[in-house]
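Engineer: Quick one: this structure, given as structure tokens, is what I'll be asking you about.
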Amino acid sequence: MMELENKLTVPVELANPFFFTNKFNFISYPVPSFNLKDFFLYEVHFYHGIPSYRPWDHPEETVPLILEEWGSLKGIIEASHKKRAQEETLPSMRKGIGLFLQLLFWCNRKPSVLTNPIPIADLPYRPVNVLERVNFIMSRPSLFHSFIQLGELMAEQEKQYALSIIKKASKL
């Protein structure tokens with residue numbers, strides 16, 4: 001895979017210090033297949049006007065992949081908590097919270113926006129009290145309770161996604 005030399009700064013729509021602690025640079029490169037490795041890669045390309053895959057336009061393809069990634073990550077976080085290694089949980093929780101926000105926005109067919117506050121109120125398919133719950137998790141990501149809450153949010157958003165599919169099918 002050939003990398004391009006274009007370095008991109010974090011767009012204002014994604015400038016959230018929880019995920020990006022400084023003027024983090026992305027390397028813009030062609031993405032041959034769906035990739036959840038880099039935080040908000042598709043949104044970075046979108047907000048910089050770079051032609052790229054738009055996973056929020058294809059939630060039926062991307063939502064199952066996010067949920068699969070969460071399933072793997074969940075085991076890693078559980079193992080860290082069992083060892084009482086809170087410092088080990090932070091990178092995985094950061095990724096899990098990022099996955100949840102992508103799931104939340106992509107289920108609503110929108111690119112993620114991480115401004116403060118995160119504009120969740122306009123999303124029709126979302127868990128109850130989601131903003132308060134996400135803020136709690138982001139303020140204390142290493143707590144076991146935050147991990148449990150994140151798991152509950154993921155499960156609730158999966159149900160919201162199923163509801164959106166049912167509503168869409170009933171309109172056909």
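The values are calculated or read from the model by the stated rules, or taken from the named source; none is laboratory data. All of these numbers come straight from a predicted model, not from anything done at the bench. Backbone-built Cβ (ideal geometry, glycine too); neighbour counts: all protein chains shown. Surface areas here come from the heavy atoms of the whole protein model, side chains and all, with no ligands, DNA or RNA. Shrake-Rupley method; radii C 1.70, N 1.55, O 1.52, S 1.80 Å.
Engineer: Rounded to the nearest percent, how much of the accessible area of the stretch 40-100 (1.4 Å probe, protein heavy atoms only) is carbon and sulfur? Show your work: numbers first, answer last.
Structural biologist: On the way: 1540 of 3000 Å².
The computed percentage sits at 51.
Engineer: Over the stretch 23-172, average the accessible area per residue using a 1.4 Å probe and give it in Å², no decimals.
Structural biologist: Result: 53 Å² per residue.
Engineer: Could you work out how much longer the chain between Lys167 and Arg94 gets when fully extended? Use 0.36 nm per residue separation minus the Cα distance between them, nm to one decimal.
Structural biologist: Numbers: separation 73, 0.36 × 73 = 26.28 nm, distance 3.17 nm.
Extra length available between Lys167 and Arg94 comes to 23.1 nm.
Engineer: What do you get for trypsin sites (Lys or Arg not before Pro) in the stretch 47-84 restricted to DSSP loop and a cutoff of at most 12 other Cβ within 10 Å of the site's Cβ?
Structural biologist: Loop-located and lightly packed - Lys83, Arg84.
Engineer: If I model a spin label at Ile50 and Ala121 as a point 7 Å from the Cα along the Cα→Cβ vector, what separation in nanometres do I get?
Structural biologist: 3.3
Engineer: Follow-up question, since we're still on this one. Expressed as a whole percent, how much of the Cα-Cα distance distribution for the stretch 39-172 exceeds 26 Å? Walk me through the intermediate numbers first.
Structural biologist: Values: 2025 of 8911 pairs.
It works out to 23 percent of all Cα pairs.
Engineer: For Ala79 and Phe144, calculate 0.36 nm times their separation in residues minus their Cα-Cα distance, and state this gained length in nm to one decimal.
Structural biologist: Gain on stretching Ala79 to Phe144: 22.3 nm.
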